[in-house]
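In what follows, a structure is listed as structure tokens, so that the remarks can point back to it.
Just so you know, all these numbers are worked out from the coordinates, no wet-lab data involved. If you're wondering where the values come from, they're calculated on a predicted model, not measured in any experiment. Methodologically, a virtual Cβ is constructed for each residue, glycine included, from the backbone with ideal geometry; neighbour enumeration extends over all protein chains shown.
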Amino acid sequence: MQFDKNLIEKLKESKSVVFFTGAGISAESGIPTFRGKDGIWNKLKPEELANFDSFLKNPELIWEWYSHRKKIIHESKPNAGHIAIAEAQNIFTEVTVVTQNIDNLHRRAGSKTVYELHGNIERNYCIKCKTFYSEELDFSKGVPKCKCGGLIRPDVVWFGEYLPEDQFDAAEKAARTCDVFFIVGTSAVVYPAASLVFIAKQNGAYLVEVNIEKTEISEIVDLSFYEPSGKILSELMKDIRTSQTT
Ligand code: BV8
Ligand code: ZN
């Protein structure tokens, strides 16, 4: 794929680059997106499942759902998109990953600076005493309980819950100070995560969207690629590398 020369020039002179990602970057790893045609939400409403009240009402059902997703995630591996973003660390001075995904695939691909706005499915904590659990949980006696008797829940952000302040503040700083802000595989409908796109725009970042279709923010970006992120990102990093050597 021949990339527009200005983009390559722009990227070559860029110091700080942010990759803001959603479920679409993990689609090529076999993890269903939320709103895609085979999206997990199609069968279930996000509000119904990813919220605290549903968990209290029916923890079995919610754990069944997260255990199902955890199994898929454990059987999957980072794809060319995750790997290209990890490789970008050897091209740009500062690379920051801001993800809405709870699947841990950016870290597994080797990305060092990863801000998880909506948590991580590998971590869990007790809703009563907040003790953290990262080992495999024991479901032999039903939903996992803490030694204090409290219910254990996945350390993910549910609708109506605040995002982890440290992660969001760091993500906001990166969006405000970066040269190029990539928006990869997200429908950009969930807030306050999607507000980072506007913060980057307001602070003069060059916005590049990578998605297989138009989204809510396509109107405000500087450049869009409507192809799978695995293909676009790996070819783009290759192109920048070669242009650096020639
Ligand atoms: C909160 C973790 C404060 C759990 C998730 C302002 C306006 C409107 C609504 C609100 C607002 N502010 C707050 C709200 C409410 C709500 C919200 O945004 N609702 C939406 C639905 C309108 N936000 C909240 O509740 C947030 N908390 O605001 O707290 C507060 C507190 C008290 C009272 C009031 C407010 C918390 C939101 C976080 C929820 N948790 N995940 C879990 O995962 O189980 S959100 C979850 O859904 C994901 O993390 C992600 O954020 C979102 C899914 O979006 P995407 O990742 O983009 O996935 P999607 O399937 O939609 O799109 C995939 C894209 O990829 C598509 O565009 C597709 O074309 C593309 N694609 C597919 N294949 C490829 C590809 N692209 C490239 N290559 C491919 N191969
Ligand atoms: Zn406890």
| Tilt of helix 59-74 relative to the longest C-alpha principal axis of the chain, in degrees (0 to 90, nearest 10)? | 40
| remark: Long-range alpha-carbon pairs in the chain, meaning those over 23 Å apart, account in percent for 51
| said: Which one, 154, 32, 46, has the greatest fluctuation when you compute a Gaussian network model over the chain with C-alpha springs under 10 angstrom? | reply: 46
| message | Please compute the alpha carbon radius of gyration of segment 1-138, then divide it by the globular-protein estimate 2.2 N^0.38 Å. Two decimals is fine. | response | 1.23
| query | Among the listed pairs 12/201; 112/141; 57/130; 77/201; 45/70; 70/173, which are separated by more than 28 Å between their Cα atoms? | reply | 112/141; 77/201; 70/173
| Hey, can you rank 7-15, 73-81 by average C-beta count inside 10 Å, highest first? | 73-81, 7-15
| request: Write down the Å³ per residue value for the convex hull defined by the alpha carbon atoms of segment 194-240. | output: 80
| remark: Computed over segment 126-202, the Cα gyration tensor eigenvalues, each multiplied by 5 and square-rooted, give semi-axes in Å (largest first) of 35, 13, 11
| request: Compute the acute angle (0 to 90°) between the alpha-carbon long axis of helix 229-245 and the principal axis of greatest extent of the alpha-carbon atoms of the chain; round to the nearest 10°. | output: 40
| request: Report, ordered by chain and residue number, the aspartates and glutamates lying within cross-link reach of residue 15, taken as a straight Cα distance under 16 Å and ignoring same-chain residues fewer than 8 apart. | output: 87, 94, 179
| Estimated 222 nm signal from helices in the chain, with DSSP H stretches of n ≥ 4 weighted -39500 (n - 2.57), rounded to 500 | -10000 deg cm²/dmol
| What number, in percent, do you get for the relative contact order of segment 95-202 if the mean sequence gap of Cα pairs under 8 Å and at least 6 apart is divided by its residue count? | 23
| note | The summed charge of the residue 5 Cβ neighbourhood (under 14 Å; Lys/Arg +1, Asp/Glu -1) stands at -2
| Listed peptides 103-109, 173-179, 48-54 by packing density, highest first (mean Cβ within 10 Å) | 103-109, 173-179, 48-54
| task | Note down the net charge around residue 151, summing +1 for each Lys or Arg and -1 for each Asp or Glu among other residues with Cβ under 14 Å from its Cβ. | result | +3
| field | With Cα atoms, 0 to 90° folded angle of helix 165-177 axis to the chain main axis | value | 10
| query | If contacts are Cα pairs under 8 angstrom and at least 6 residues apart, what is the relative contact order of the chain in percent? | reply | 24
